[in-house]
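Data block below; observations after.
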Amino acid sequence: MSSVATNKRSFFSDFKRFMPLLKNLVAKDFKIKYRRSILGVAWSVLNPLFTMLVLTIVFKVILRVKVGPGVDFATYYIVGASLWNFFSEATSTSLSSILTSGALIRKVYIPKYIFPLEKCVFALVNFSFSLVAVLAVMLIRGVYPTWATLLFPIPVIYCFIFACGLSLFLSAVTVYFRDVQHLYGVLLTMWIYLTPILYSTETLEQLAPSMQFVKYILYLNPMTHYINYFRAVVMYGVYGDLPSIEINVVCIAMSLAMLGFGALVFKKAEGKFILHL
Amino acid sequence: MINNENAVELRDIEMHFNMSSEKLQSLKEYFLKFMKRQLHFENFVAVDKVSFDIKKGDVFGIVGLNGCGKSTTLKIISGILKPTKGSVETQGVIAPLIELGAGFDMELTARENIYLNGSVLGYSKKFMDEKFDDIVEFSEMRDFLDVPMKNYSSGMVARIGFAIATVTTPDILIVDEILAVGDFLFQQKCEERINKMMQDDTTVIIVSHSIEQIERLCKHCVWLEKGKVKMIGETAEVCNAYKNTKRE
């Protein structure tokens, strides 16, 4: 007698049973995203490149922003932005994932965390394509990868766990309060400027004393740590400094705290999703 | 613990719904109402202290007028809804046939949807590979396999859905009004398949407004009225009593 469908469903047997669903949903999103476009998946490479071009012209050429001595702006930007784009895509698509899967949730039993998780995995797939763009820019600008570049999955995993946690939280809350969809867009805009993507943490040293609090916000912002970590390993040739154990501990703590919080809220809320869809 | 002879045990199941006169979907509204202490919900009890057992291998019918809690009870048994109070225990794999084709993505082709839907029901890719031809054969849709499903008629969608949902012999099969899909030939085919499952010791739970169908298929029946069990027992007895209900 199989225990899979009894009421005492265990998390792990469920997860194993629904792994194929996760895979199929990602494949479905992938097919639908690139269907009927001539360049198809090439867009995932071209998009970050074009955005990088525009922003480099605006911020480097016109506004003359400096990101540190001897650091190439185009590379600096695209490395940070690629991880940020992963995070922002994962969380903002997860946000409505439970709502849009309402039809399914009402009719069959599926562990509901599959939906936000799937969006995060799909964003990760897209991110892996954008790495091609990152590598291209690095080679063109002469910022060559080193052995340390191979460590890049570490910050990506940290960021992925954090994104999953936040996605669980957002997708659950959105079921109850649809405002979150609009609110989160504003929050993301604010968030991107509080993350060192178009400027560097070092340039903040020049801030007026009354504005020093911004530094603390940046320090409390997990994305600052993930992106700086990601840059430190990918552009090791420029910085020559690997993230310390302390930074690793901070990153892990932030990721796990978010995952724990998100999972807790999600678990509390999921039983009543169906009544609000 | 569930009795070994039972496939399903319901104990004092209650299901309450909030029937708020206006659905609050924005934080601001919620906050305002909360501050003004206007957050009261009208409680609606869809299922009220329902208890019954379904024996393994039984074919069990649920009858009752519209809105008496039939579908809610089915959803509680299949694990889609969590009851507000009471306990549900089930033994074995449940295949819910509640609205066929839930989980189809109309942009995808039938071939892609068969795999997607299989995984929605928790079947592995390898299993689906093995059963793929069976499904296609049963649904008689081979010629349209690579057409996006948005171009299908509703009957065609239902055929594929039924074929996928019944590809295994589940321990418990839940059938909610779905035998009304497809043309009469396909309906006969569906009934044959369900009959075959019954012989294989599958417990079948059927909700239908067609009394003839219930009388033809079921051994035992429960009659629900306004969320409560009105009568439970042999199909003939329950159905006769039910048929004598007068319009109030």
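The values are calculated or read from the model by the stated rules, or taken from the named source; none is laboratory data. Keep in mind that what you see is a predicted model, and the values were worked out from it rather than measured. Here the Cβ positions follow ideal geometry from the backbone for every residue, glycine too, while neighbour counts run over all protein chains shown.
With respect to residue A:21, determine if the residue is within 14 Å of another protein chain (Cβ to nearest Cβ) and crowded, with 19+ Cβ neighbours inside 10 Å. Against the criterion (within 14 Å of another protein chain (Cβ to nearest Cβ) and crowded, with 19+ Cβ neighbours inside 10 Å), residue A:21 qualifies. Just so you know, in segment B:66-117 the residues that are modelled with pLDDT of 85 or more, part of a strand (DSSP E or B) and facing chain A (nearest Cβ under 7 Å) include one that is surrounded by the fewest Cβ atoms within 10 Å (Cβ to Cβ), and it is B:89. Take the conditions (1) closer than 26 Å to residue B:79 by Cβ; (2) within 12 Å of chain A (Cβ to nearest Cβ); residue B:135 misses just one of them, which is (2).
Which of the residues spanning segment B:51-65 are surrounded by fewer than 21 Cβ atoms within 10 Å (Cβ to Cβ), out of contact with any Lys or Arg (no Cβ under 6 Å at 6 or more places or on another chain) and away from every other protein chain (no Cβ under 14 Å)? Selection gives B:52, B:53, B:55, B:65.
Write out, first by first residue and then by second, each pair whose Cβ atoms fall under 9 Å of each other, whose residues are 6+ apart or on separate chains, and whose first residue, in segment A:154-179, is under 19 Å from residue A:245 (Cα atoms) while the second is part of a helix (DSSP H, G or I) and of a type in the set (S, T, N, Q). From residues that are under 19 Å from residue A:245 (Cα atoms), the pairs are A:154/A:248; A:155/A:228; A:157/A:255; A:158/A:248; A:158/A:255; A:159/A:255; A:161/A:255; A:162/A:255. One residue stands out in segment A:47-65 among those that are surrounded by 15 or more Cβ atoms within 10 Å (Cβ to Cβ) and either within 21 Å of residue A:201 (Cβ to Cβ) or at pLDDT 95 or above (or both): the one that is nearest to the chain's Cα centre (by Cα), namely A:52. Within segment A:24-44, the set of residues being surrounded by 19 or more Cβ atoms within 10 Å (Cβ to Cβ) and at the interface with chain B (Cβ under 7 Å from one of its Cβ atoms) comprises A:24, A:28. In segment B:96-121, the residues that are charged (D, E, K, R) reach residues that are at pLDDT below 85 and not in a loop (DSSP other than H, G, I, E, B) with C-beta atoms within less than 6 angstrom, at least six apart or across chains, in these pairs: B:99/A:107.
Of everything in segment A:26-47 that is touching a Ser or Thr at 6+ places or on another chain (Cβ under 8 Å) and not aromatic (Phe, Trp, Tyr), the residue that is farthest from residue A:128 (Cα to Cα) is A:47.
Flag: residue A:275 matches the condition of being without any contact (Cβ under 8 Å) to a residue 24 or more places away in the chain, within 14 Å of another protein chain (Cβ to nearest Cβ), assigned to a helix (DSSP H, G or I) and of a type in the set (A, V, I, L, M).
Total residues in segment A:93-147 satisfying the condition of being under 19 Å from the mean Cα position of the chain (by Cα), within 23 Å of residue A:32 (Cα to Cα) and not aromatic (Phe, Trp, Tyr): the figure is 22. Restricting to segment A:72-110, count the residues that are in a loop (DSSP other than H, G, I, E, B), hydroxyl-bearing (Ser, Thr, Tyr) and over 30 Å from residue B:173 (Cβ atoms). Qualifying residue count, segment A:72-110: 1.
Can you spot a residue in segment A:71-80 that is among the charged types (D, E, K, R) and touching a residue at least 40 places away in the same chain (Cβ under 8 Å)? Yes, there is a match, as at least one residue in segment A:71-80 is among the charged types (D, E, K, R) and touching a residue at least 40 places away in the same chain (Cβ under 8 Å). Counting the residues of segment A:146-161 that are touching a Gly at 6+ places or on another chain (Cβ under 9 Å) and under 20 Å from residue A:84 (Cβ atoms) gives 1. Scanning segment A:185-213 for residues that are under 21 Å from residue A:71 (Cβ atoms) and either exposed (fewer than 14 other Cβ atoms within 10 Å of the Cβ) or not aliphatic (A, V, I, L, M) (or both) gives A:193, A:195, A:196, A:199, A:200, A:201, A:202, A:203, A:205, A:206, A:207. Looking across B:232, B:214, B:205, B:172, one residue alone is in contact with a strand residue (DSSP E or B) (Cβ under 8 Å, 6 or more places away or on another chain), surrounded by fewer than 21 Cβ atoms within 10 Å (Cβ to Cβ) and within 22 Å of residue B:75 (Cα to Cα). It is B:232.
Residues checked against (1) under 23 Å from residue A:238 (Cα atoms); (2) in a loop (DSSP other than H, G, I, E, B); (3) out of contact with any Lys or Arg (no Cβ under 8 Å at 6 or more places or on another chain); (4) not aliphatic (A, V, I, L, M):
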position: A:148; (1), (2), (3), (4): yes, no, yes, no
position: A:155; (1), (2), (3), (4): yes, no, yes, yes
position: A:164; (1), (2), (3), (4): no, no, yes, yes
position: A:195; (1), (2), (3), (4): yes, yes, yes, yes
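So that you can scan it fast, the table gives a plain yes or no per residue for (1) touching a Ser or Thr at 6+ places or on another chain (Cβ under 9 Å); (2) without any contact (Cβ under 8 Å) to a residue 24 or more places away in the chain; (3) farther than 20 Å from residue B:128 by Cα:
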residue: B:138; (1), (2), (3): yes, no, no
residue: B:153; (1), (2), (3): no, yes, yes
residue: B:171; (1), (2), (3): yes, no, no
residue: B:214; (1), (2), (3): yes, no, yes
